[in-house]
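The values are calculated or read from the model by the stated rules, or taken from the named source; none is laboratory data. These figures come from a predicted structure and were not determined experimentally. Cβ: placed from backbone, ideal geometry, glycine included. Neighbour counts: every protein chain shown.
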Amino acid sequence: MALPLPLISVTGTPAECGAAYGAATAALVGANVDLYLQRFRDQAGLDATAVRISGAAFRRSAHELLPRVAAMLDGVAEGAGANAEELYAINGRTELIYGSRRDGGCTSAGVLGTHTATGTLLLGQNWDWHPAQREAMVVLATRDERGLAVITLAEAGMLAKAGLNSAGLGVCLNMLGTDRDGPREGVVPYHVLLRAVLETDHLGAATRVACRTPRGASLNLLLGQAAAGGGEILDLEVVPGDVGWLHPVDGYVTHANHLETPLPVRDRAKDFGGSSFFRGARARRLLADAVAARKVTEDDFIALFRDHGGFPMSICRHVDERDEPVERAETVYSVLLDLDRRRFGIAAGPPCQHEYAFTSLE
């Protein structure tokens, strides 16, 4: 079965990979920049000049702190014929529209190989965002000059979202919101940080990148790496200036869009409410029997991601027509990762209406 998105495969140095990716997706990158320029105006009151100023600041920080990722992103701008400052701004879209989303999306889950039917470590998530974003997405596969391969879902012009690499390391993510969030000088956009995580070849290095990189947005990183004995999973709640962590309990972890560790910050989910307060717990219950039997399968993950408890703001999220148009969200894509087999699965969302297609790193 064919993937529901264009698969963009590129090789070379970071700059070469970026340029080839940008050239192959120039129209999509342009459309995505236009989408976010409108969103920045509508949700954050930022005009084009303000967006470019912020993008330039993000670019300086990325070049200083994560130069390989910055070289790739500069290459995307060159290849796509896009304005580099605008491209860095859309990679910092979470920082620039911080606080304007009242109910963040995404439900993620990870199960150790000791508790799956195949003995392979599984990660996955539903990615919930504005439905207009569906048309500006790709699956990006890169192989760099070191031989490290990465495959990831990506918004056109961005470098990463949920994905895995040839070292058997994978990441899923959930947007968080705290009172420390916001653009500031010296921080790296979280989508740039995500790419840097996927550029590492072991879990310890991934945590170093996540913890040491200055950031202006709060997010949850569900990290895993395949290894003998079932692999390892670590969940990091990364906020500006601090980090909390969760380990698998009874072989698995689930997460939604509120903090579950006692970090000394104000969780903005408390200000807005929403489905996050039950989605993570519901995901744990839905997987509990299969986990206890140590027989979790990809089909169990798929059933989880198609769940409608709390509809329409369910794990499988659907648009609520009562929401303001700018606030509407649904599951745009659903991702399933088998880290041992380096297998990447994806379904268009909402996943209750679509089948999953799979590809693997060579």
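Which one of the conditions (1) surrounded by fewer than 23 Cβ atoms within 10 Å (Cβ to Cβ); (2) modelled with pLDDT of 95 or more; (3) among the acidic types (Asp, Glu) does residue 135 fail to meet, given that it meets all the rest?
With respect to (1) surrounded by fewer than 23 Cβ atoms within 10 Å (Cβ to Cβ); (2) modelled with pLDDT of 95 or more; (3) among the acidic types (Asp, Glu), residue 135 is out only on (2).
If you take the residues of segment 173-210 that are crowded, with 21+ Cβ neighbours inside 10 Å and of a type in the set (D, E, K, R), which of them is modelled with the lowest pLDDT?
By that ranking, first place goes to 181.
Could you tell me which of the residues 51, 33, 69 is of a type in the set (Val, Ile, Thr) and touching a Phe, Trp or Tyr at 6+ places or on another chain (Cβ under 9 Å)?
Being of a type in the set (Val, Ile, Thr) and touching a Phe, Trp or Tyr at 6+ places or on another chain (Cβ under 9 Å) holds for just one of 51, 33, 69, which is 51.
Would you point out the residue of segment 34-52, among those that are touching a helix residue (DSSP H, G or I) at 6+ places or on another chain (Cβ under 9 Å) and not in a helix (DSSP H, G or I), that is farthest from residue 93 (Cα to Cα)?
Step by step, filter segment 34-52, then rank; the result is 47.
Would you mind stating whether residue 302 is touching a strand residue (DSSP E or B) at 6+ places or on another chain (Cβ under 8 Å) and not in a helix (DSSP H, G or I)?
Taking the combined requirement at face value, the residue does not satisfy it.
Could you list all residues from segment 299-319 that are in contact (Cβ under 8 Å) with a residue 40 or more places away in the chain and of a type in the set (Phe, Trp, Tyr)?
Of everything in segment 299-319, those that are in contact (Cβ under 8 Å) with a residue 40 or more places away in the chain and of a type in the set (Phe, Trp, Tyr) turn out to be 301, 305.
Among the listed residues 216, 229, 224, which satisfies the condition of being part of a loop (DSSP other than H, G, I, E, B) and over 29 Å from residue 60 (Cβ atoms)?
Within the list 216, 229, 224, the selection yields 229.
Of all the residues that make up segment 271-293, how many are part of a helix (DSSP H, G or I), surrounded by fewer than 19 Cβ atoms within 10 Å (Cβ to Cβ) and either touching a residue at least 12 places away in the same chain (Cβ under 8 Å) or of a type in the set (A, V, I, L, M) (or both)?
7
For segment 316-350, enumerate the residues that are outside any loop (DSSP other than H, G, I, E, B), closer than 14 Å to residue 129 by Cα, touching a Lys or Arg at 6+ places or on another chain (Cβ under 9 Å) and not β-branched (Val, Ile, Thr).
Selection gives 327, 330, 333, 334, 348.
For residue 213, indicate whether it is more than 24 Å from residue 356 (Cα to Cα), under 18 Å from the mean Cα position of the chain (by Cα) and either modelled with pLDDT under 95 or among the polar types (S, T, N, Q) (or both).
yes
I need a count of the residues in segment 208-227 that are out of contact with any helix residue (DSSP H, G or I) (no Cβ under 9 Å at 6 or more places or on another chain) and free of Cβ contacts under 8 Å to residues at least 60 places away in the same chain.
Going through segment 208-227 one residue at a time, the tally reaches 2.
Look at segment 1-23 and say how many of its residues are of a type in the set (Gly, Ala, Ser), buried (at least 19 other Cβ atoms within 10 Å of the Cβ) and either touching an Asp or Glu at 6+ places or on another chain (Cβ under 8 Å) or in a loop (DSSP other than H, G, I, E, B) (or both).
The total comes to 3.
For residue 222, work out the one condition from (1) closer than 19 Å to residue 142 by Cβ; (2) of a type outside the set (Gly, Ala, Ser); (3) surrounded by 24 or more Cβ atoms within 10 Å (Cβ to Cβ); (4) modelled with pLDDT of 95 or more it doesn't fulfil.
For residue 222, the exception is condition (1).
Give segment 309-340 a look and list any residue that's charged (D, E, K, R), out of contact with any Pro (no Cβ under 8 Å at 6 or more places or on another chain) and either closer than 28 Å to residue 224 by Cα or surrounded by 14 or more Cβ atoms within 10 Å (Cβ to Cβ) (or both), or say none.
323, 327, 338, 340
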